[in-house]
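Asks: Quick one: the structure is below, and I'll ask about it shortly.
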Amino acid sequence: MLKLLIVSPDKNSLSGLASALVEHADVDLSWAESGEAALEIVSGYAIDLVVTDESLGDMTGLEFAGRLLLVNPMINCASVSRLSPEKFHEISEGLGLMVQLPIQPGKEHAEELLQRLKNLKKLTAGVKDYST
């Protein structure tokens, strides 16, 4: 089961993406209305992917991504942004974002996002954790 968290103060802005994601039987989708609420959730629960809206009310999606790294750098993150791909890459470099999503992403973006996440999970499935 893939555990996904969508962060947005406006559920309508990401409803197309959310509707497409929940069509998959292997997706467990949750919502948070602010960056702070999402940070609380990810600090207490195992989450595979966080998708942030461009603005979360209390911070931007990119600010959230930076703070997420401090809580758990192993959680994948994607962010909605109206920036050009070049500017987005420049600003988000080092934040570990999987992908930039357009304003109001839809079914095709959900499918691509899930495929990327599944591919990443396959790559890391055989990796041993030597930190313990």
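The values are calculated or read from the model by the stated rules, or taken from the named source; none is laboratory data. Keep in mind it's a predicted model, so treat the numbers as computed, not measured. Cβ sites come from the backbone with ideal geometry, for glycine too, and all protein chains shown count toward neighbours.
Asks: Could you identify the single residue in Pro73, Pro105 that is farther than 13 Å from Gly61 by Cβ and part of a loop (DSSP other than H, G, I, E, B)?
Replies: Pro73
Asks: Shifting gears a bit: Identify the residue in the range 17-69 that is assigned to a loop (DSSP other than H, G, I, E, B) and of a type in the set (D, E, K, R) and, among all such residues, is nearest to Lys121 (Cα to Cα).
Replies: Step one: filter the range 17-69 for residues assigned to a loop (DSSP other than H, G, I, E, B), giving 23-26, 33-34, 45-48, 53-54, 56-59.
Going one step further and asking which of them are of a type in the set (D, E, K, R), we end up with 23, 26, 33, 48, 53-54, 58.
Values: Glu23: 20, Asp26: 13, Glu33: 27, Asp48: 9, Asp53: 23, Glu54: 25, Asp58: 30 Å.
Selected residue: Asp48.
Asks: Residues Leu21, Leu4, Leu14: which one is farther than 17 Å from Leu117 by Cα, of a type in the set (A, V, I, L, M) and in contact (Cβ under 8 Å) with a residue 24 or more places away in the chain?
Replies: Criteria check complete, one pass: Leu14.
Asks: Out of all the residues in the range 36-53, which are touching a Lys or Arg at 6+ places or on another chain (Cβ under 7 Å) and either modelled with pLDDT of 95 or more or within 19 Å of Glu108 (Cβ to Cβ) (or both)?
Replies: Within the range 36-53, Leu39, Ile47, Asp48 qualify.
Asks: Need the failing condition index for Ser34 against (1) of a type outside the set (D, E, K, R); (2) surrounded by 20 or more Cβ atoms within 10 Å (Cβ to Cβ); (3) within 23 Å of Asn12 (Cβ to Cβ), just the number.
Replies: So the condition that Ser34 fails would be (2).
Asks: Using beta carbons and a limit of 9 Å, which pairs, at least six apart or on different chains, have the first residue in the range 24-51 and in contact (Cβ under 8 Å) with a residue 60 or more places away in the chain and the second one assigned to a loop (DSSP other than H, G, I, E, B)?
Replies: Partner pairs satisfying both residue conditions: Val27/Met1; Asp48/Met1; Asp48/Ile75; Leu49/Ile75; Val51/Ser8; Val51/Pro105.
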